[in-house]
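Structure first, commentary second.
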Amino acid sequence: MSTVSNNSEQATVDLRDVLAALSRRKWYIIVPFVLTLSAAIGGSFLLEPAYYSTTIMSYNNNPSLIKPLSGLVAQSGSRRMTSEDRRRQLAAMTNEIMSSKVISRLIREMRLDQNPKIEEEAQRIRSSNPRLALETIKMELLIKKMRDAIEVEFAGQGQLRIGVYDVDPLIAQQTASRLTEIYMEERTLQDLGAVRSAQELTDDQLTKFESLLLAAVEKKTEAEKASLRLQIDETIISEDNRKTIGAAIDEITSEISDLNRDQVELVVKLKSVGTLKPTTSKNLRSLKKQLGEDSRSLVNLMGKYVWSERVVLNGTIELNRKMIAIEKEIERLVDDKYTKANSATRTDLTNYFVTLERLDFLHDHRASLRESFSRVQQRANEIPVAKALLDQAEREVSDARQNLALFKQQETSNQLRQDIIHSANSRYQVIEPAVAPLEPSRPNRPKISIMGGILGLILGGAAALLRELMDGSFRKTSEVEDLLGIPVLATIPEIESLH
């Protein structure tokens, strides 16, 4: 608790010391304050007065256009603008207003380049740079001066305030009005240029649209041909039919496995016979050739008929008949060649050679079936792709026809073109014309006076503080005690009557 009391007492004492010091050095504060304030007020009367005139214009980012041609003029998005978007938009519009093109036109139209002061300053600059043209120097000086005199800011949603300072109130008014008009004209010309560029209908453009339509039609024709080449009965590529064909191939594979086991067993039985050389004849070769042709015919039926249809079954039966005929021919050849062998051996020999022939046929037949089945599968997979390409080609043809029709419609529609031009012309409007100001806006004497007073207080306070720090006299008994290291026994108060 005592610590808080001491701190409070110390703060009170320090504040009294400060106030006492300011009271002692009050003239160090009053004199700079009065002098600075007087200088600020007096100097403000020496400054050349400037009058400020403003114009408020509206701009429409979303002009109402005829719907078929609304895409021909660049328009801003409908989303709400953020503060950063507004800052960037204001910076862009300010750059356009203060561009050399706009300000140069303003200078020429208002004859601002006939100012004698500008002429003298340009002559002085040219004397040190004789290679520079006088008119160029004058224009650069005027552009810089005008940029310093122009202010641009938003006045509201879709509204822009353009202000100009000048020593003459009428010139300030005329400059603000003409600058706004020039800016609106330049912006309108840019918008109309974009419209006319987009609306420029030439034979080359028409030929381009027609070529696009022709290319789309040719693409559609090719897609239709490809789709027709892939046409196949849906029952052939159905899941049931493919399972049936797959089962037939699996059956052949199983039969090949069985025949391989039979072959091994027969070889063991016929060890005593010696070399087992296949027998042949002209009739056997003819039968094998017919069997191969029938096999290929049956495989070709896979892409035309369901595997369970009669024509396919008849082909399978014909293969079996040819195989039986081959077996009989082999049996005859074995009987003729192995006349001395007993009946059981001849039977084993017949079965062995028949097994070889069947294995040879079944391997070839299975390979052909697999290849044909793969082609059917591939065709079935290509059909959706071909259909999608055909649909895409039809859409492209439709779009190309619509674009060509719209192009021709725009080519003959003068009314639409006039609507767009009228929309661009009405995009910018003056809603608050410039007026001649009655009083100057510069210098701002109240503001200058306040700034001068604040500066005077700062300088006076600094001078008083510096003088107080440089004063070495004692102000308190504690200072004497601290210096001498002994206590003060008594003090004599100041007696006013002795002065």
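For region 434-456, give me each residue that is crowded, with 16+ Cβ neighbours inside 10 Å and more than 30 Å from residue 155 (Cα to Cα). 452, 453, 455, 456, listed by residue number.
Let's see how each residue does on (1) in a helix (DSSP H, G or I); (2) touching a residue at least 40 places away in the same chain (Cβ under 8 Å):
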{"residue": "341", "(1), (2)": "no, yes"}
{"residue": "346", "(1), (2)": "yes, no"}
{"residue": "349", "(1), (2)": "yes, yes"}
{"residue": "354", "(1), (2)": "yes, no"}
{"residue": "367", "(1), (2)": "yes, no"}
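Taken together, 217, 311, 299 contain a single residue that is under 28 Å from residue 383 (Cβ atoms) and not assigned by TED's automatic domain parsing to the domain that holds residue 379, which is 217. Counting only residues that are among the aliphatic types (A, V, I, L, M), in a helix (DSSP H, G or I) and surrounded by 15 or more Cβ atoms within 10 Å (Cβ to Cβ), how many does region 301-324 have? Counting residues in region 301-324 that are among the aliphatic types (A, V, I, L, M), in a helix (DSSP H, G or I) and surrounded by 15 or more Cβ atoms within 10 Å (Cβ to Cβ) gives 5.
Only a single item in (1) in the same structural domain as residue 340 (by TED's automatic domain parsing); (2) more than 19 Å from residue 356 (Cβ to Cβ); (3) in a helix (DSSP H, G or I) is not met by residue 268, and it is number (2).
In the set 36, 12, only one residue is polar (S, T, N, Q) and at pLDDT 75 or above; that residue is 36.
So that you can scan it fast, the table gives a plain yes or no per residue for (1) at pLDDT 80 or above; (2) more than 27 Å from residue 296 (Cβ to Cβ); (3) under 60 Å from the mean Cα position of the chain (by Cα); (4) of a type in the set (Asp, Glu):
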site	(1), (2), (3), (4)
336	yes, yes, no, yes
345	yes, yes, no, no
353	yes, no, no, no
356	yes, no, no, no
361	yes, no, no, no
368	yes, no, yes, no
372	no, no, yes, no
376	no, no, yes, no
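Where helices (runs of 4 or more DSSP H) sit wholly within region 100-177, those with at least 1 residues that are closer than 24 Å to residue 430 by Cβ and more than 41 Å from the chain's Cα centre (by Cα) occupy 100-110. For residue 199, the stated conditions hold: it is farther than 30 Å from residue 387 by Cβ and either modelled with pLDDT under 85 or in contact with a Gly (Cβ under 6 Å, 6 or more places away or on another chain) (or both).
The values are calculated or read from the model by the stated rules, or taken from the named source; none is laboratory data. Small disclaimer: the values here were computed from a predicted structure and weren't measured. Backbone-built Cβ (ideal geometry, glycine too); neighbour counts: all protein chains shown.
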